[in-house]
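Notes follow the structure.
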Protein chains: 2
Amino acid sequence: MSETTPDIPSKTLPTIAILGGTGKEGPGLALRWLAAGYSIIIGSRQLEKAQATAAELNARMNTDCALGLENSNAARQADICVLTVMAEAHQPALEGLKDALQGKILVDATARVDFRDPRPPSPPSAARIAQDILGPGVRVVAAFQNAPAHSLKKNLDKPIATDVLVCADDLEAAERVIELAKAGGMRAYYAGGLDNAVVVEGITSLLISINKHYGSKTATIHVAGLGITD
Amino acid sequence: MSETTPDIPSKTLPTIAILGGTGKEGPGLALRWLAAGYSIIIGSRQLEKAQATAAELNARMNTDCALGLENSNAARQADICVLTVMAEAHQPALEGLKDALQGKILVDATARVDFRDPRPPSPPSAARIAQDILGPGVRVVAAFQNAPAHSLKKNLDKPIATDVLVCADDLEAAERVIELAKAGGMRAYYAGGLDNAVVVEGITSLLISINKHYGSKTATIHVAGLGITD
């Protein structure tokens, strides 16, 4: 009888693939989403590295909800894919994953800023470049370019003091990513179309300069003045 | 005797010229600095407009510390000049003021963002363009690109809920502008060299998009995570 049916979730959470997910950023995001009950696929060009990272995540979280796969297989089995590769791997990764990503939401977390020479990038945004490579069958969303890897991995039950600026031409896709960011303990705001994402990439340049000047490692940007959550 | 010498200021405040100061932004900044005890010169291409704006400011503040002059004369008589012109007037104004600005600090508040089509600008930043036009005899500082005109003019005795990101290649000039922003009730942070200022211009694009999406007019960006004033 329906009164006694136990623990059926009210809705099924999407499966998230983190492509290039063995670096600094990917595992941090994965931990956050595992803590929130999502199933995670760690993607890498090398299956063994993906499996090793997934095993570490499962061990830390005492779960089996992280799986390691080669990037293309990871993309095919996920609902939402998050790309966390180094700037120089951005275009080749997208070209190689174009087929596997059709029909998906692709979250591009790339900030094309060199830590040693942090000049701001020029338009078009990395996310616009991704959309142009992937074509209209993929809904590209730019987000998490400034998410601090060190903070993501700590205090998983607490919110992170960083705001995620989400840029997308497809508002429904943006809203799904805002939901995902919030599930991971981050405040998130829609900040315009894919072209605006170049500014969010460039905020990385500002934060590097601010941290250097003030002897900090944790400078971040908050959205305020909306009178909704601040 | 020195004990009875009245009201000698501990230091003389610099005179501030606001070039193109008859628009929306300039009078707001002027009011803030008049309230903090600075002498202000409003500059305009048309002397009569400058004089009219200065008279309005003096009337509101019950002072005679605002003076209206043609832009070149305003620049020559000031210690620090703040350029608040429309994006399309930026280069011609700088070319016309090159001689008058030699030896000064020029604060460039230009954000090359069209409110109706708010795409982010490309590098180089407006401030870098200004430095290239003016040459090494002028110390260019980028600041106040996102300062909300409507908030500047209200509650002059209270801080403004906006953070000023100050970009300059000359750190001593940046520090003088940070001091000026703080005198006007704004929190201000050094955010790197002149090239970084293109990102601060682009933040205007983000704020326009955020305001539009959330039905607000007052979105702003705060710097956090430094553990100093936040």
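The values are calculated or read from the model by the stated rules, or taken from the named source; none is laboratory data. Just so it is clear, the model here is predicted, and its values are computed rather than measured. Neighbour counts are summed over all protein chains in view; Cβ atoms, including those assigned to glycine, are modelled from backbone coordinates with ideal geometry. All accessible areas refer to the heavy atoms of the entire protein, side chains included, with ligands and DNA or RNA removed. Shrake-Rupley method; radii C 1.70, N 1.55, O 1.52, S 1.80 Å.
Some observations on this one:
- Residues listed by number, the range B:195-230, amide nitrogen under 13 Å from B:ALA161 label point at 7 Å toward C-beta: B:216-222
- Of the three principal axes defined by the Cα atoms of the protein assembly as shown, the extents in descending order read 88, 44, 39 Å.
- Inter-label distance, A:ALA36 to A:ASP64: 2.5 nm, where each label sits 7 Å from its Cα along the C-beta direction.
- Antiparallel bridge percentage (DSSP; both residues within the range B:93-228; nearest 5): 25 percent
- Of B:LYS153/B:LYS217; B:LYS24/B:LYS154; A:LYS104/A:LYS217, those spanning more than 24 Å from alpha-carbon to alpha-carbon: A:LYS104/A:LYS217
- Once the mean of 1/r is taken over each pair of separate Cα atoms and inverted, the range B:22-134 shows a Kirkwood hydrodynamic radius of 14.7 Å.
- Note on B:116-123: average number of Cβ atoms from other chains within 10 Å of each residue's Cβ is 5.
- Charging the Cβ of each Asp and Glu at -1 and of each Lys and Arg at +1, and nothing else, the dipole of the range B:157-230 about its Cα centre rounds to 500 debye.
- Length released on extending from A:LYS153 to A:GLN77, taking residue separation times 0.36 nm less the Cα-Cα span: 24.9 nm
- Shape parameters for the range A:44-200, alpha-carbon atoms, Rg then Dmax in Å: 15.4, 43
- Principal axis extents of the Cα atoms in the range A:146-186, from largest to smallest and rounded to whole angstrom, are 32, 18, 12.
- DSSP-defined beta bridges in the protein assembly as shown - what % are antiparallel, rounded to 5: 20 percent
- Placing +1 on the Cβ of every Lys and Arg and -1 on the Cβ of every Asp and Glu, with nothing else charged, gives the protein assembly as shown a dipole about its Cα centre of roughly 340 debye.
- Overall, the range A:7-103 carries a charge dipole of about 140 debye about its Cα centre when +1 sits on the Cβ of Lys and Arg and -1 on the Cβ of Asp and Glu, all other atoms neutral.
- Percent RCO, i.e. relative contact order, over the range B:5-147, from Cα pairs under 8 Å lying at least 6 residues apart: 21 percent
- Protein accessible surface hidden between A and B, which excludes ligands and nucleic acids, total in Å², probe 1.4 Å: 2900 Å²
- Peptide A:204-217 has a mean of 5 when you count, residue by residue, the C-beta atoms of other protein chains within 10 Å of its C-beta.
- Among B:ILE203, B:ALA147, B:PHE115 the positive-end extreme of the charge dipole of chain B (Cβ point charges): B:PHE115
- Accessible area per residue was computed with a 1.4 Å probe on protein heavy atoms; A:LYS154 scores about 110 Å².
- Cα centroid of the range A:192-207 to Cα centroid of the range B:134-212, whole Å: 18 Å
- Sulfur and carbon atoms: percent of accessible area, the range A:165-230 [1.4 Å]: 52 percent
- Look at the dipole of the protein assembly as shown built from charges on Cβ: of B:ILE221, A:GLY135, A:LEU106, the Cα furthest out on the positive end belongs to B:ILE221.
- Overall form of the range A:117-230 per C-alpha gyration tensor (a/c, 1.5; a/b vs b/c): oblate
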